[in-house]
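Contents: one structure, followed by commentary.
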Amino acid sequence: MTALPAPDGSVAAPAPAAPAAGKVPPGMQYLYGSGEAAALSYQAYLGVIDTIIAKSSDRAVGQAVFSVVLAPGATLDAPKFESCDKKPLAVVLDIDETALLNLGYEADDSQRGGPYDQSRWERWEKTGAGAVAATPGMIELARVSKASGVTLVFNSNRMATNAKETEAALTGAGLGPVEHLKNLWLQGDAGTGSAKDPRRAAIAAQYCVIAMAGDQLGDFSDLFNASGLDPVARRGLAQGRAVKMLWGHGWFILPNPVYGSGLKGDLDTIFPRDKRWTDPGPTPVAPVSAPAPTPTEKK
Ligand SMILES: [Mg+2]
């Protein structure tokens with residue numbers, strides 16, 4: 001249907017089209033439906049399991065074990081990590097699209113379209129515990145960590161006011177036991193807002209954090225979310241001389257093409273100008289003419 005012009009003759013921009021019933025956005029097809037994403041998650045969590053085995057062995061023979069949480073005052077250019085002394089070993093995990101896949105919320109969102117709605121998300125936190133699933137590899141990680149005496153500690157931007165419901169979501173998915181402020185830190189605990197460094201520091205004060213896992217760079221350090229960083233600068237930080245060595249070696253990242261800080265940038269931000277190509281179109285094929293007959297072939 002064509003929009004009628006306003007009385008002044010202008011035509012309003014069309015409203016975003018509602019998704020076609022039953023269609024699922026490509027990022028969701030990938031994250032929640034593909035074998036590729038399941039394999040990536042296993043790749044991350046098997047790496048965490050390897051780390052648990054290695055660091056537990058180090059601890060058992062009296063080798064010093066270092067935290068993978070950036071020490072106070074450290075930067076991404078010059079990261080520093082502290083020795084753990086005798087603190088108990090722990091793995092720190094984000095929750096959403098890291099430990100849990102929010103299948104119910106995203107199924108609803110896929111059919112609804114439109115912008116993010118914080119109040120809808122909060123209703124999901126309160127009532128969606130039964131419609132989540134453990135991310136592939138998480139059940140195995142929970143089993144190995146329990147057997148090794150390594151605590152799983154969750155650091156999430158879900159609201160502290162919904163702690164009971166989030167405990168139920170994690171426990172129901174097979175990732176318990178979980179107890180708020182023991183091994184579950186939420187937005188509102190240790191400072192306000194979505195910054196995770198204050199909570200990471202509180203966790204690192206109690207535990208020797210041998211691995212961290214998340215689907216956003218802020219799950220590793222808030223320094224990745226400094227204001228004014230465009231996607232190019234952020235990507236540079238993730239590939240910095242020291243930071244790049246942490247991926248798969250203490251810091252483990254999960255795929256998330258559905259939402260979050262990785263989904264930003266226009267053409268000029270994403271594609272370097274010296275790496276552009278424009279399709280020249282089909283190359284005309286030179287007409288092939290029959291070779292001229294040699295004199296002996298003349299009849
Ligand atoms: Mg997350």
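Quick notes
- Helices (runs of 4 or more DSSP H) fully within the range 191-271 that include at least 2 residues being over 30 Å from residue 181 (Cα atoms) and not β-branched (Val, Ile, Thr): 231-238, 267-270.
- Looking across the range 110-135 at every residue that is within 15 Å of the ligand (Cβ to nearest atom), out of contact with any Gly (no Cβ under 8 Å at 6 or more places or on another chain) and within 20 Å of residue 37 (Cβ to Cβ), the one that is least open to solvent (accessible area, probe 1.4 Å) is identified as 135.
- When each of 90, 163 is tested for being away from the ligand (no atom under 16 Å from the Cβ), without any contact (Cβ under 8 Å) to a residue 60 or more places away in the chain and crowded, with 19+ Cβ neighbours inside 10 Å, the lone residue that passes is 163.
- Scoring residue 228 on the criteria (1) modelled with pLDDT under 95; (2) in contact with a helix residue (DSSP H, G or I) (Cβ under 8 Å, 6 or more places away or on another chain); (3) open to solvent by 70 Å² or more (accessible area, probe 1.4 Å) leaves a single failure, condition (2).
- Out of 281, 191, 250, 262, sole residue that is closer than 20 Å to residue 95 by Cα and loosely packed, with under 15 Cβ neighbours inside 10 Å: 191
- Within the range 254-278, residues that are at positive phi sit with their Cβ atoms under 9 Å from residues that are in a loop (DSSP other than H, G, I, E, B), at 6+ positions apart or across chains, in these pairs: 260/97; 260/215; 260/216; 265/230.
- Taking first residues from the range 212-228 that are at negative phi and partners that are of a type in the set (Lys, Arg) and within 12 Å of the ligand (Cβ to nearest atom), the Cβ contacts under 8 Å between residues at least 6 apart in sequence or on separate chains come to 218/196; 219/196; 222/196.
The values are calculated or read from the model by the stated rules, or taken from the named source; none is laboratory data. A quick note: this is a predicted structure, and the numbers were derived from the prediction, not measured. Glycine also receives a Cβ, built like all others from the backbone with ideal geometry; neighbour counts cover every protein chain displayed. Accessible surface areas use protein heavy atoms only, side chains included; no ligands, DNA or RNA. Shrake-Rupley method; radii C 1.70, N 1.55, O 1.52, S 1.80 Å.
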